[in-house]
Amino acid sequence: MLGPLAIVAITRIVSLPAIALATVATLLIVLITSVKGTGWEPTTDISEEVLEHRASAVPETEFPEPGNRAVGGGGGGAGAIPAGGDGEEGELEEGGTVSSGPGDIPEDEVEYFEVEFVKQGETVELSNDQPILEQGEDEGWDLPYACRQGQCVSCAGQIADGPSEDFVEHDNQQMLEEAEIDDGYTLTCVAYPRDSFSIETGEAP
Ligand code: FES
């Protein structure tokens, strides 16, 4: 007969290998399962099928490209301006009847006036379709100027014969006041002759 101590010792000896065996068996099962897989196979790729299905569900539009983009822009082709189109500006240009400034005079209607440049000591003929400044420069005179747009007084001169606008037409001058114009002052860079007169250049109010 084995004593109680012997039984405990035997039990322990038997249990340890059994536990080790069970552990190894478990690991083997896990390993085999992971190598062989679960047997699940993915279904065939359905992405193409889904895309085709969705495409067939979208209604066809009548608009050819790039008209489709214009629809998204909020107005289709209605607001588009064709290149060189029939807009108002084009009509005006084609008609040729609307002038944009006092210098826009048809060639056969250009007139010439005798203008005395007092400081230069010369009288020359100036046309009515170019500013006094430009025509004075064409004579070779070094006349004062800065902006050439009627926005300073660098080019100012004084017409001795009376209010300047009795003799010239200003194209959008923004500097001279009414009283100064009445005193004969003019901005020669934007002043177009409308009569004969005498002028002193380099004279500002
Ligand atoms: S150059 Fe400036 S107004 Fe004539």
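The values are calculated or read from the model by the stated rules, or taken from the named source; none is laboratory data. None of these values were measured; they are calculated from a predicted model. Here the Cβ is made from the backbone with ideal geometry for all residues, glycine too, and neighbour counts use every protein chain on show.
Things worth noting here:
- Selected residue (criterion: farthest from GLU122 (Cα to Cα)) from residues of region 182-204 that are within 16 Å of the ligand (Cβ to nearest atom) and of a type in the set (Asp, Glu): GLU203
- Here GLU94, GLU111 are screened, and the one residue that is modelled with pLDDT of 95 or more and more than 14 Å from the ligand (Cβ to nearest atom) is GLU111.
- Test: residue in region 116-128 that is crowded, with 17+ Cβ neighbours inside 10 Å and hydroxyl-bearing (Ser, Thr, Tyr): no
- For GLY103, the conditions (1) at pLDDT 95 or above; (2) surrounded by fewer than 18 Cβ atoms within 10 Å (Cβ to Cβ); (3) touching a strand residue (DSSP E or B) at 6+ places or on another chain (Cβ under 7 Å); (4) not aromatic (Phe, Trp, Tyr) all hold with the exception of (1).
- Scanning region 138-156 for residues that are surrounded by 15 or more Cβ atoms within 10 Å (Cβ to Cβ) and more than 10 Å from the ligand (Cβ to nearest atom) returns a single hit, TRP141.
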